[in-house]
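The values are calculated or read from the model by the stated rules, or taken from the named source; none is laboratory data. These numbers were taken from a predicted model, which means no experiment stands behind them. Reconstructed Cβ throughout: ideal geometry from the backbone, glycine too, with neighbour counts over all protein chains shown.
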Amino acid sequence: MRAIITSSAIAVTTSLTLANPYASSVLSYDAGSNSAIGYNDANTALGAAERFTGEGIFPGGVTPFNPAFGTDELVSIGSGGHLDLRFDTAITNDASHAYGIDFIVFSNAGFSDTSWFDADPSNDGTGVIGSNPFIFGAGGEATIQVSNDGTNWFTAAITTLDLFPTLGYSDFDLPTPGSIGSIETDFTQAMDPSLMLSDLANLSFSQIIDLYNGSGGGVGIDISSTGLNSANYVRFLNESGEAFEIDAVAVVPAPGAFMLLSIGALAAARRRRA
């Protein structure tokens, strides 16, 4: 006896494969008064975060010590400016999400590599956070709002876009690798928001990769305080005096969603046998 996979089962599997967890279109953008020159293409915030940056200039893998920096990779939001993004996949306030995180924001923040300044020149450039951790590139505070209609907005967080700097591949062995890796990190996997910068003191690059545990990093946002159950729009407002940059935004999926739908597809297939 041979199981026949029905068209409905194929449709379910295909829809899962094509689901887009990233921003799909720009609703509105205002660069503000002091945005970074050259970083004013709002479409750069669409799609996944960068995994390799600086092509044609200074190419290197994106790591917590080597953040994305291209004008075709980041959009800047200066004081008084905003960026509104639309998502095909809804952001949901789901208690089953790890750490309660519902979506993740990626910027161009990075750790200062103190191996260049310590007393041991033999480890220069190996990637060490140091005893007094410092993050560069985070910029000013972002007021992050969500909406289910693109008109009425509710504030989910006011935060600097710092922890955790992006990691593109989990098999990088250098903090500024010259080629792409082979194991992509998961940009929809949240980091533990209870961790503070001081908790990362003195970590080496390999220890950072272990800490990320397959995640691509980013700043996790919980929408529970907004009162919304779901949202298809995210707004970044700059009400601070310093510009900040956005690389990408990723929706956190419900754990086991793929497995549940796959089981449904298998059950449908078993209903018809030859």
Qualifying residue in the range 92-104 (condition: surrounded by 23 or more Cβ atoms within 10 Å (Cβ to Cβ) and either touching a Phe, Trp or Tyr at 6+ places or on another chain (Cβ under 8 Å) or not charged (D, E, K, R) (or both)): yes
Unique residue being modelled with pLDDT of 95 or more, surrounded by fewer than 13 Cβ atoms within 10 Å (Cβ to Cβ) and over 30 Å from PRO175 (Cα atoms) when the list is SER28, SER33: SER33
Conditions (1) under 25 Å from THR53 (Cα atoms); (2) surrounded by fewer than 18 Cβ atoms within 10 Å (Cβ to Cβ); (3) touching a Pro at 6+ places or on another chain (Cβ under 8 Å); (4) polar (S, T, N, Q): number failed by THR166: (2)
Selection within the range 124-133 - in contact with a strand residue (DSSP E or B) (Cβ under 9 Å, 6 or more places away or on another chain) and either closer than 30 Å to ASN229 by Cα or not aliphatic (A, V, I, L, M) (or both): THR126, GLY127, GLY130, PRO133
Pairs where the first residue, in the range 143-159, is outside any loop (DSSP other than H, G, I, E, B) and at pLDDT 95 or above and the second is surrounded by fewer than 17 Cβ atoms within 10 Å (Cβ to Cβ) and of a type in the set (D, E, K, R), C-beta under 9 Å, 6+ apart: THR143/GLU239; ILE158/GLU239
Any hit, the range 41-53, residues being part of a helix (DSSP H, G or I), surrounded by fewer than 18 Cβ atoms within 10 Å (Cβ to Cβ) and at pLDDT below 95: no
Any hit, the range 234-243, residues being modelled with pLDDT of 95 or more and either basic (Lys, Arg) or farther than 24 Å from THR159 by Cα (or both): yes
Complete set of residues in the range 169-187 that are farther than 24 Å from ASN20 by Cβ and surrounded by 18 or more Cβ atoms within 10 Å (Cβ to Cβ): PHE172, PRO175, THR176, PRO177
Tally of residues being of a type in the set (Gly, Ala, Ser) and surrounded by 12 or more Cβ atoms within 10 Å (Cβ to Cβ) across the range 188-204: 3
Criterion: in the same structural domain as ASN229 (by TED's automatic domain parsing), of a type outside the set (Ser, Thr, Tyr), crowded, with 18+ Cβ neighbours inside 10 Å and farther than 24 Å from THR188 by Cβ - qualifying residue of ILE129, ILE57: ILE129
